[in-house]
1. With respect to PHE242, determine if the residue is surrounded by 24 or more Cβ atoms within 10 Å (Cβ to Cβ) and under 20 Å from the mean Cα position of the chain (by Cα).
2. Please determine, by comparing only the residues of region 31-42 that are within 16 Å of the ligand (Cβ to nearest atom) and in a loop (DSSP other than H, G, I, E, B), which one is surrounded by the fewest Cβ atoms within 10 Å (Cβ to Cβ).
3. What is the one condition in (1) more than 21 Å from GLU96 (Cβ to Cβ); (2) surrounded by 22 or more Cβ atoms within 10 Å (Cβ to Cβ) that THR198 does not satisfy?
4. Taking the condition assigned to a loop (DSSP other than H, G, I, E, B), small (Gly, Ala, Ser) and within 22 Å of the chain's Cα centre (by Cα), does GLY333 pass?
5. Applying the selection to region 107-122, what residues are of a type outside the set (D, E, K, R) and more than 14 Å from the ligand (Cβ to nearest atom)?
6. List pairs: first residue in region 129-146 and farther than 16 Å from ARG114 by Cβ, second residue surrounded by fewer than 21 Cβ atoms within 10 Å (Cβ to Cβ) and hydroxyl-bearing (Ser, Thr, Tyr) anywhere in the structure, Cβ distance under 7 angstrom, at least six positions apart or on different chains.
7. Could we say that ALA74 is in a loop (DSSP other than H, G, I, E, B), touching a residue at least 12 places away in the same chain (Cβ under 8 Å) and surrounded by fewer than 18 Cβ atoms within 10 Å (Cβ to Cβ) here?
8. Name the residue, out of LEU235, LEU220, LEU253, that is within 16 Å of the ligand (Cβ to nearest atom), under 25 Å from TRP327 (Cβ atoms) and surrounded by 24 or more Cβ atoms within 10 Å (Cβ to Cβ).
Amino acid sequence: MKTANRLAKIPPYLFMELRNKIAKARAAGVDVISLAIGDPVEPTPHEIVEELARAARDPENHRYPTDEEKGMLAFRNAVAAWYARRYGVEVDPASEIIALIGSKEGCHHFVLARVNPGETVLMTDPGYPAYRASILMAEGEPVSVPIRPENGYLPVLRDIPSELAKRATAMFLNYPNNPTGATATPQFLRELVEFARTHDIAVCYDNPYIDVVFGGEKPLSFLSVPGAKEVGVELNSLSKPFNMTGWRIGMALGNRDLIAAISKVKENTDSGIFNAIQYAGIAALSRCEESIPHMLHIYERRRNLVLATLKQVGIDYEPVKGTFYLWVPVPTGMSSLEFTNLLFENAHVVVAAGRGYGENGEGFVRFSLTVPDKRLEEAMERIRRALA
Ligand SMILES: Cc1ncc(COP(=O)(O)O)c(C=O)c1O
């Protein structure tokens, strides 16, 4: 069967390739430890699971969740209260919030809502691979903006050629950043708003790691800077703070025209999120905030273990302050793929090669801290032995 041309432009999804590689080795009896994927292993807090069970038993929730196509108002109210309480941001639940099936879905619908075929969309390189795929599926033209360690992995907006900035209709950004772990500053966000306003660029500020920050860093919402709502939306998700990656629930907030447009796309695509999951989301946002410091404590311990191990094998660097990933420079003279292969062959440990996140990801690999402590300890022991 011949399939659509637009799909041919999309490279195979990075994690699918990794999953296949791991599955093959495991099938051959190898005890592989994967530090490649960011998927928390701790369970979703009990109270959230209980709320899902309660709501799932209620036949009222068994029908289409389309009464309010932006998601249940009660869910949007909980999101608004969360944003006011945690990030100091006021958002109108009626017009400035929409529930999503995860922020990944939001990326896709954002492009469909804003970008016409052939239009240019800026995205950082390295960057989350799903942005490119979403842009290509909407037949936009992805253009990479490099982010480099010497600039704290923030794009230097004034270096974007003005012809390119004029041509672009949208831009994806994500801080705390996957894959580098970098965080943004209020000053950078103010510059971003100015840049977007000058060039009429709609910003998709993908922020699912907003609460995963260390070393006294404060969670920072794009919407906390003046003017942000005029130029874009922020995506957020319950996946990471509440260990809910499998549940598929998140939200977009901000510019009301974009929210209305995303709502139109969703109405005609998926008919919304199972109400019982939205009730569970309300429980998470209104009663389970303590899950965040609890998880941060776990990640910090793991982060320190990996950094100490890397130091022992001669990889010593200054880590940045966000996400549950470590963006680790590879030993001199090796490519990211060569180093990944070396760890796989000699330690049976899988990490993600930086090259998979874009040209500028070369020279780095990404370690994820979302594995049980015992497995991480075992992985570090193997790395110590392999690289001694
Ligand atoms: C930058 C970024 N955006 C979005 C997502 C997807 O999150 P969700 O589970 O909310 O779809 C991820 C997941 O790893 C991510 O790293």
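1. Details: surrounded by 24 or more Cβ atoms within 10 Å (Cβ to Cβ): yes; under 20 Å from the mean Cα position of the chain (by Cα): yes.
So PHE242 fits the description; yes.
2. Within region 31-42, the match that is surrounded by the fewest Cβ atoms within 10 Å (Cβ to Cβ) is VAL41.
3. All conditions are met except number (2).
4. Working: assigned to a loop (DSSP other than H, G, I, E, B): yes; small (Gly, Ala, Ser): yes; within 22 Å of the chain's Cα centre (by Cα): no.
Taking the combined requirement at face value, the residue does not satisfy it.
5. LEU112, ALA113, VAL115, ASN116, PRO117, GLY118, THR120, VAL121, LEU122
6. PRO129/TYR13
7. Values: in a loop (DSSP other than H, G, I, E, B): no; touching a residue at least 12 places away in the same chain (Cβ under 8 Å): yes; surrounded by fewer than 18 Cβ atoms within 10 Å (Cβ to Cβ): yes.
When the stated conditions are applied, ALA74 does not pass them.
8. Sole residue among the options that is within 16 Å of the ligand (Cβ to nearest atom), under 25 Å from TRP327 (Cβ atoms) and surrounded by 24 or more Cβ atoms within 10 Å (Cβ to Cβ): LEU235.
Values quoted throughout were computed directly from the atomic coordinates according to the rules given, and no laboratory measurement underlies them. Just so you know, these numbers come straight off a predicted model, no measurement behind them. Every residue, glycine as well, gets a Cβ built from its backbone with ideal geometry; the counts of neighbours run over all protein chains shown.
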